[in-house]
1. Can you tell me how many residues within the range 1-20 are surrounded by 12 or more Cβ atoms within 10 Å (Cβ to Cβ) and within 11 Å of residue 160 (Cα to Cα)?
2. Are there any pairs, at least 6 apart or on different chains, whose C-beta atoms fall under 6 Å, with the first in the range 16-45 and touching a residue at least 60 places away in the same chain (Cβ under 8 Å) and the second part of a helix (DSSP H, G or I) and open to solvent by 40 Å² or more (accessible area, probe 1.4 Å), and if so, which?
3. Test of understanding: among 110, 68, 92, which residue is of a type in the set (A, V, I, L, M) and either over 18 Å from residue 167 (Cβ atoms) or over 18 Å from the mean Cα position of the chain (by Cα) (or both)?
4. Testing residue 58 on (1) in a loop (DSSP other than H, G, I, E, B); (2) out of contact with any Pro (no Cβ under 6 Å at 6 or more places or on another chain); (3) surrounded by fewer than 22 Cβ atoms within 10 Å (Cβ to Cβ); (4) modelled with pLDDT of 95 or more, one condition comes back false. Which one is that?
5. Of the residues 89, 3, only one is at pLDDT below 95 and closer than 21 Å to residue 169 by Cα; which?
6. I'd like the full set of residues that are of a type outside the set (S, T, N, Q), open to solvent by 40 Å² or more (accessible area, probe 1.4 Å), farther than 11 Å from residue 28 by Cβ and in a loop (DSSP other than H, G, I, E, B), limited to the range 61-81.
7. Does residue 80 satisfy the criteria of being in contact with a Cys (Cβ under 7 Å, 6 or more places away or on another chain) and aromatic (Phe, Trp, Tyr)?
8. For the range 21-55, give me each residue that is more than 19 Å from residue 84 (Cβ to Cβ), crowded, with 17+ Cβ neighbours inside 10 Å and not hydrophobic (A, V, I, L, M, F, W, C).
Amino acid sequence: KAEVEAADKAGLIPDLTGDPGWQDASTRLQFCQLAVQLAETALGETLPAAPSNTFTDCSDLAVRKAYAAKIVNGMTETTFSPNGTLTREQLATMLWRAVNYIQTQSGEQALTGGGSLTGYTDAGSVSSYAKEAVAALNKHGIMKGTSNTALSPKGSCTVEQSVLLSYRTFLKLN
């Protein structure tokens, strides 16, 4: 609760689409909103947006900003799947891309890559595209396991968890 309140005080929690509850599964769109809020708050500037016709199933401004910043990709070349449930490894990948964008734009390298997933029994189930992000966020104490021995990379991520990970990243960047 204290971290969520601190994230709100820091200006990191936008009005999320669908007005979700804290324990609801976060969607791809909602995390774009959080990631863009993180980047804009950390940088003190508005991110540029991709064109409104970038995706056929979503023209949301936060999605277009996240796409232009290379924080997110579509599920296909023309679709984004905004209401798709976000997995922990997808969140880690998007968040790590946001970190890279922020650091590139600011010229500051507070967080480095690397890290190890040794000790997690399900480390082998982390998708290849997400391994670097999950390991780096774990290394910096931003993303922890769901237990001492499990990462649960394919599990859904709640809105509360999404906010906490965004806030912990913000603290490490500042």
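1. Here the count works out to 5.
2. Pairs that qualify, where the first residue is touching a residue at least 60 places away in the same chain (Cβ under 8 Å) and the partner is part of a helix (DSSP H, G or I) and open to solvent by 40 Å² or more (accessible area, probe 1.4 Å), are 22/160; 43/105.
3. After ruling out the rest, the residue left standing is 68.
4. Single failed check for residue 58: (2).
5. Step by step, each of 89, 3 is checked, and only 3 is at pLDDT below 95 and closer than 21 Å to residue 169 by Cα.
6. The answer is 70, 77.
7. Judged against the criteria, residue 80 is a match.
8. Across the range 21-55, the qualifying residues are 37, 40, 41.
The values are calculated or read from the model by the stated rules, or taken from the named source; none is laboratory data. Since the model is a prediction, treat every value here as computed from it, not as a measurement. All Cβ positions, even for glycine, are placed from backbone atoms using ideal geometry, and neighbour counts span all protein chains on display. When the accessible area is computed, the model is the full protein with side chains, heavy atoms only, and any ligands, DNA or RNA have been set aside. Shrake-Rupley method; radii C 1.70, N 1.55, O 1.52, S 1.80 Å.
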